[in-house]
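Notes follow the structure.
The values are calculated or read from the model by the stated rules, or taken from the named source; none is laboratory data. Nothing here was measured: the structure is a model prediction, and the numbers come from that model. Every residue, glycine as well, gets a Cβ built from its backbone with ideal geometry; the counts of neighbours run over all protein chains shown.
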Amino acid sequence: MQRAVPRAPFGAGSGLHVCRWPVPRSTRGARGTARVTVHRAEDDHPPRPRPHRRRPRRPAAGAPAPIRSAGYRRLMDPRHVRDLLARAPLMARELPGFGAGADPGAAPATPTELFAAWLAEAVEAGVLDPGAALLSTAGSDGRPDARIVALRDVEPVESAWVFATDAASPKGVQLAQRPAAALTFYWPLQGRQIRVRGDVTQAPKDVSLADFASRSPASKVAGLVGRQSTPMGALPEWNEAAERAGRELAEHPDAHPPGHTVYALAAHHVEFWQGDAGRRHVRLAYAQLPDADWERALLWP
Ligand SMILES: Cc1cc2nc3c(=O)[nH]c(=O)nc-3n(C[C@H](O)[C@H](O)[C@H](O)COP(=O)(O)O)c2cc1C
């Protein structure tokens, strides 16, 4: 028999087994909230669905050989995830501290200045890919979406964070429908997070063309292949498309994908977060005032 409400504290010895995440679709409550079902060990358990055994598929031509080692299978077992996370605790290391800017009165007047100072420290410290940022968007359905993009520049006059993508990609379509976004940086070596929120505009065409022209040959080929986020039949199709794009680039060095677009996220809120192993995190928030000046304030972590 299933009971929908916990009747006793959870934990070892309580005799209760809580179903683990992810909650199967059929047990989700109204509006996507999770309804957790609890069983007593002595209760009759509902009959378990018989595992659906699929016939092993023949690997596609050129596909890598499947991994069969028992050790790797154990690592791939999702029940192992909690153990792995326990072995890699968050921010359990010496972190640099916020620095002088933690005093809102002493912090730089604009968030682009503090961003530039923190980026310089990240590069100096050897943070990997400090220009990789999570771009969060929502389309006309209001549902959030997110993915990493490369920061191309920061423009101090407009307080704009600049990135580029294909306007026909899902994120490009979402930005056309709802031109607002967030960019989030996380630099683990320093335990630093920077959150930027604002309105997004497309740069003029010549700026996008210049951005594409400045790219490496490999990046140009990838851009010319295009079709970002549309389904691909098999990996060899990528090689053929890349060869075609490479030939096009050799014949027409000015070739560019029609949708390649530079976007500027003009910030109205920026937050700098310095993590601390003892959980005394420091947060400094910048909010833009109507006169375009910035107000600075500390936030509770
Ligand atoms: C480090 C890193 C940098 C990336 N930079 C970009 C980028 O600058 N522009 C871009 O369109 N996609 C970039 N991507 C790929 C995106 O994360 C994403 O897979 C792709 O743009 C499709 O996103 P969409 O389907 O939401 O449009 C990058 C991915 C990573 C991991």
Residues of region 66-123 satisfying the condition of being part of a loop (DSSP other than H, G, I, E, B), loosely packed, with under 12 Cβ neighbours inside 10 Å and among the hydrophobic types (A, V, I, L, M, F, W, C): Ile67, Ala88, Leu90, Ala92, Ala106, Ala109
Of all residues in region 122-147, how many are within 11 Å of the ligand (Cβ to nearest atom), under 26 Å from Leu95 (Cα atoms) and acidic (Asp, Glu)? 1
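Residues of region 130-160 being among the aliphatic types (A, V, I, L, M) and in a loop (DSSP other than H, G, I, E, B), which ones?
Going through region 130-160, the residues among the aliphatic types (A, V, I, L, M) turn out to be 132-135, 138, 146, 148-151, 154, 157, 160.
Correct list: Val157 only.
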Could you pull out the residue among Ala181, Ala107, Ala116 that is modelled with pLDDT under 95 and either assigned by TED's automatic domain parsing to the domain that holds Val196 or hydroxyl-bearing (Ser, Thr, Tyr) (or both)? Ala107
Conditions (1) free of Cβ contacts under 8 Å to residues at least 60 places away in the same chain; (2) exposed (fewer than 14 other Cβ atoms within 10 Å of the Cβ); number of the one not met by Ala234: (1)
In region 153-186, residue nearest to the ligand (Cβ to nearest atom) [restricted to those that are buried (at least 21 other Cβ atoms within 10 Å of the Cβ) and farther than 19 Å from Thr261 by Cβ]: Phe185
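Which ones in region 154-175 are of a type outside the set (S, T, N, Q) and either under 16 Å from Arg143 (Cβ atoms) or touching a Lys or Arg at 6+ places or on another chain (Cβ under 8 Å) (or both)? Walk me through it before giving the result.
Applying the first criterion (of a type outside the set (S, T, N, Q)) to region 154-175 yields 154-158, 160-164, 166-168, 170-173, 175.
Scanning region 154-175 gives Val162, Phe163, Ala164, Pro170, Lys171, Val173, Leu175.
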Find all pairs meeting these conditions: Cβ atoms under 7 angstrom apart; at least six residues apart or on different chains; first residue within region 141-157 and farther than 14 Å from Leu175 by Cβ and among the acidic types (Asp, Glu); second residue at pLDDT 95 or above and more than 6 Å from the ligand (Cβ to nearest atom). Asp153/Val162; Glu155/Val162; Glu155/Ala264
Region 165-233: helices (runs of 4 or more DSSP H) wholly inside it with 2 or more residues that are closer than 27 Å to His269 by Cα are 170-177, 205-213
Can you find even one residue in region 262-269 that is aliphatic (A, V, I, L, M), in contact (Cβ under 8 Å) with a residue 40 or more places away in the chain and not assigned by TED's automatic domain parsing to the domain that holds Glu158? no
